[in-house]
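S.K.: One structure is given below, represented as structure tokens, and several questions about it will come after.
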Amino acid sequence: MADHTRDKIINMFGRDTQLVDCREAMGLGRGGGLAQRGTLSEAARPDVVAIAMTPGRRHITKPVCEITQGLRREGIQVSVLVLEAGAGIPMDDVGGTGRSKGYGASFGITAKEIEQIARHKLVLLHMGNVNTHIILKTKRILKYVNIPAVIACEYPIDFEDFAKDGIRTKYVKPKNPETEGTVVAIVSGITRGETCSRIKLNELAKEIRYVLSQRTESVHAVRSDLLISEGLMASEGSE
């Protein structure tokens, strides 16, 4: 996409046509344009970035696409980022290592992915039905970037659950904050791999519209010092 089209919205017969740079890089296997891990489809205006944790065999988990399409129908510009290592949970957050047994895949996030998230106004995190996964993944993503987050999940989690683990929330303040970002809304009852109901789509759209109306910053600060200290980014003096 040419740079001069980035911030342009084309009006046609009373509708807003959204421009989307569909894939940062080729996907895997047959139908290489489909979303796979480590890819970003970027909207013309960086309002919301929806995070898909893990793709399926051919595409990202079903509700993410439905949610994205539903929000775009409401006029909300949505980018989609599929994480490189979105499965499982962060090993160091459960007291183990990348070789720990019994926890399955190891969740991780890169400095590049953090930078991609930071240039949007809001992040939408799509989770599943395991409360520890929801909390630990949210904590890891929001640890490095000061951005408002909306949680879409199946498990009926609340703000207190996040605050107990040091995650900043809009309504409950943690005793010892350990994240730069803040959970500002939660929409539960969205099942992974199943069709997202119109009621839940409307609820998500309502929450996101409200956040975007609050003069949300278009670019958010990233804790580069943390990324460097944890080995996720090289310092300026290193090769």
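The values are calculated or read from the model by the stated rules, or taken from the named source; none is laboratory data. The structure presented is a predicted model; accordingly, all values stated were derived computationally and were not measured. Positions of Cβ are backbone-derived with ideal geometry, glycine not excepted, and every protein chain shown enters the neighbour counts.
S.K.: So Asn176 fits all but one of (1) of a type in the set (S, T, N, Q); (2) touching a residue at least 40 places away in the same chain (Cβ under 8 Å); (3) over 28 Å from Gly193 (Cβ atoms); what number is the exception?
M.R.: With respect to (1) of a type in the set (S, T, N, Q); (2) touching a residue at least 40 places away in the same chain (Cβ under 8 Å); (3) over 28 Å from Gly193 (Cβ atoms), Asn176 is out only on (2).
S.K.: Limited to the stretch 102-125, what total is found for residues that are in contact with an Asp or Glu (Cβ under 8 Å, 6 or more places away or on another chain), under 22 Å from Val211 (Cα atoms) and part of a loop (DSSP other than H, G, I, E, B)?
M.R.: 2
S.K.: Give me a count of the residues in the stretch 153-164 that are crowded, with 23+ Cβ neighbours inside 10 Å and at pLDDT 95 or above.
M.R.: Residues of the stretch 153-164 that are crowded, with 23+ Cβ neighbours inside 10 Å, as a first pass: 153, 162.
With at pLDDT 95 or above added as a condition, the list becomes 162.
The qualifying residues number 1.
S.K.: Given the structure, is Pro63 part of a loop (DSSP other than H, G, I, E, B), at pLDDT 60 or above and of a type outside the set (Phe, Trp, Tyr)? Before the answer, list the steps.
M.R.: Working: part of a loop (DSSP other than H, G, I, E, B): no; at pLDDT 60 or above: yes; of a type outside the set (Phe, Trp, Tyr): yes.
So Pro63 does not fit the description; no.
S.K.: Still on this structure: Condition check: assigned to a loop (DSSP other than H, G, I, E, B) and either under 19 Å from Leu83 (Cα atoms) or touching a strand residue (DSSP E or B) at 6+ places or on another chain (Cβ under 6 Å) (or both). Does Gly128 satisfy that?
M.R.: Values: assigned to a loop (DSSP other than H, G, I, E, B): yes; either under 19 Å from Leu83 (Cα atoms) or touching a strand residue (DSSP E or B) at 6+ places or on another chain (Cβ under 6 Å) (or both): yes.
Yes, satisfied.
S.K.: Inspect all residues belonging to the stretch 177-194 and state whether any of them is of a type in the set (Asp, Glu) and closer than 19 Å to Ile114 by Cβ.
M.R.: So the first thing to find is which residues in the stretch 177-194 are of a type in the set (Asp, Glu), and the list is 178, 180, 194.
Now drop any that are not closer than 19 Å to Ile114 by Cβ, which leaves 178, 180.
The answer is yes; a qualifying residue exists.
S.K.: Considering the stretch 117-151 alone, what residues qualify as being more than 26 Å from Leu227 (Cβ to Cβ) and in contact (Cβ under 8 Å) with a residue 60 or more places away in the chain? Step through it out loud before you land on a result.
M.R.: Initially, the stretch 117-151 is screened for residues more than 26 Å from Leu227 (Cβ to Cβ), giving 128-131.
Within the stretch 117-151, Gly128, Asn129 meet the criteria.
Yes/no per residue for (1) of a type outside the set (Val, Ile, Thr); (2) crowded, with 19+ Cβ neighbours inside 10 Å; (3) in a loop (DSSP other than H, G, I, E, B):
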{"residue": "Ala149", "(1), (2), (3)": "yes, yes, no"}
{"residue": "Gly166", "(1), (2), (3)": "yes, no, yes"}
{"residue": "Tyr171", "(1), (2), (3)": "yes, no, yes"}
{"residue": "Lys175", "(1), (2), (3)": "yes, no, yes"}
{"residue": "Glu178", "(1), (2), (3)": "yes, no, yes"}
{"residue": "Arg192", "(1), (2), (3)": "yes, no, yes"}
{"residue": "Cys196", "(1), (2), (3)": "yes, yes, yes"}
{"residue": "Leu201", "(1), (2), (3)": "yes, yes, no"}
{"residue": "Arg209", "(1), (2), (3)": "yes, no, no"}
